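Colleague: Pasting a structure below so you can have a look.
The values are calculated or read from the model by the stated rules, or taken from the named source; none is laboratory data. None of these values were measured; they are calculated from a predicted model. FYI the Cβ positions are ideal-geometry reconstructions off the backbone, even for glycines, and counts take in every protein chain you see.
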Amino acid sequence: MSDEDYAAFLQKANKDYAPVSGTGAASGGQISSKAHKAIRALGERFYSSDADEPFVDVTFEWSGSNLPDEAEFETLVDTGSVTAKEPPRSWDLTDSYKDVISAVQEAAGGGSEAAVYRVEETETRFIYYILALDKSHKQLVGVKALSIET
């Protein structure tokens, strides 16, 4: 198998066939130009897993006064089932994504706590949403990243 064939195989294997969740999300694995400046400042930040996928900005309309629970968040995402909601510290035990969490909190206005939602698409394919509540705009803002866990 040539290098080009192998690269094409990897590209196809890592393609995200799920529809983009939320509104304002970038396609193609990039932070959109409409994202809050704190999230745009992350640049090409990747989540480390078997896929090493980039974080992509997401926004969901949300009129609640608190972050949604797992069942409420599941109504906002297009695919998969929400298997966990946890504080960022439980998800990021080594502080590898402290900048991502801070950017999400800043994008929500600075005073909002963030939460991490784990959405299972298949037994090995998960999407992590790091979100905070922007009460002034009645929305959830943050980033998501694909994780392949084998």
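Colleague: Which of the numbered conditions does GLU106 fail, given that it passes all the others? Conditions: (1) within 16 Å of the chain's Cα centre (by Cα); (2) loosely packed, with under 13 Cβ neighbours inside 10 Å.
Modeller: It fails just one condition, (2).
Colleague: Starting from residues that are part of a strand (DSSP E or B) and among the β-branched types (Val, Ile, Thr), keep the ones in region 116-128 and report whichever is surrounded by the fewest Cβ atoms within 10 Å (Cβ to Cβ).
Modeller: Filtering region 116-128 down to residues part of a strand (DSSP E or B) leaves 116-120, 125-128.
Adding the requirement that they be among the β-branched types (Val, Ile, Thr) leaves 116, 119, 127.
Numbers: VAL116: 21, VAL119: 24, ILE127: 24.
Out of the qualifying residues, it is VAL116.
Colleague: Under 21 Å from ALA35 (Cα atoms), of a type in the set (Asp, Glu), buried (at least 20 other Cβ atoms within 10 Å of the Cβ) and under 15 Å from the mean Cα position of the chain (by Cα): does that describe ASP99? It would help to see each step written out before you state the result.
Modeller: Values: under 21 Å from ALA35 (Cα atoms): yes; of a type in the set (Asp, Glu): yes; buried (at least 20 other Cβ atoms within 10 Å of the Cβ): no; under 15 Å from the mean Cα position of the chain (by Cα): yes.
No.
Colleague: Additional query: If you scan region 52-91, which residues turn out to be buried (at least 17 other Cβ atoms within 10 Å of the Cβ) and without any contact (Cβ under 8 Å) to a residue 40 or more places away in the chain?
Modeller: Result: VAL82, LYS85, TRP91.
Colleague: Moving on. Kindly indicate whether any position in region 106-114 is within 25 Å of ALA41 (Cβ to Cβ) and part of a helix (DSSP H, G or I).
Modeller: Within region 106-114 (the criterion being within 25 Å of ALA41 (Cβ to Cβ) and part of a helix (DSSP H, G or I)), the answer is yes, since at least one residue qualifies.
Colleague: I would also like to ask the following. Under the condition of being more than 22 Å from LYS37 (Cβ to Cβ) and not polar (S, T, N, Q), which residue from region 129-150 is surrounded by the most Cβ atoms within 10 Å (Cβ to Cβ)?
Modeller: So in region 129-150, the residues more than 22 Å from LYS37 (Cβ to Cβ) come out as 146-150.
Checking which are not polar (S, T, N, Q) leaves us with 146, 148-149.
Values: LEU146: 22, ILE148: 15, GLU149: 11.
In this case the residue turns out to be LEU146.
Colleague: Tell me which of these THR79 doesn't satisfy, since it passes every other one: (1) over 13 Å from the mean Cα position of the chain (by Cα); (2) within 17 Å of ASP134 (Cα to Cα).
Modeller: (2)
A quick yes/no check of all residues on (1) at pLDDT below 90; (2) in contact with a strand residue (DSSP E or B) (Cβ under 6 Å, 6 or more places away or on another chain):
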site: GLY22; (1), (2): yes, yes
site: ASP50; (1), (2): no, yes
site: SER63; (1), (2): no, no
site: VAL77; (1), (2): no, yes
site: SER96; (1), (2): no, no
site: GLU121; (1), (2): no, no
site: ILE127; (1), (2): no, yes
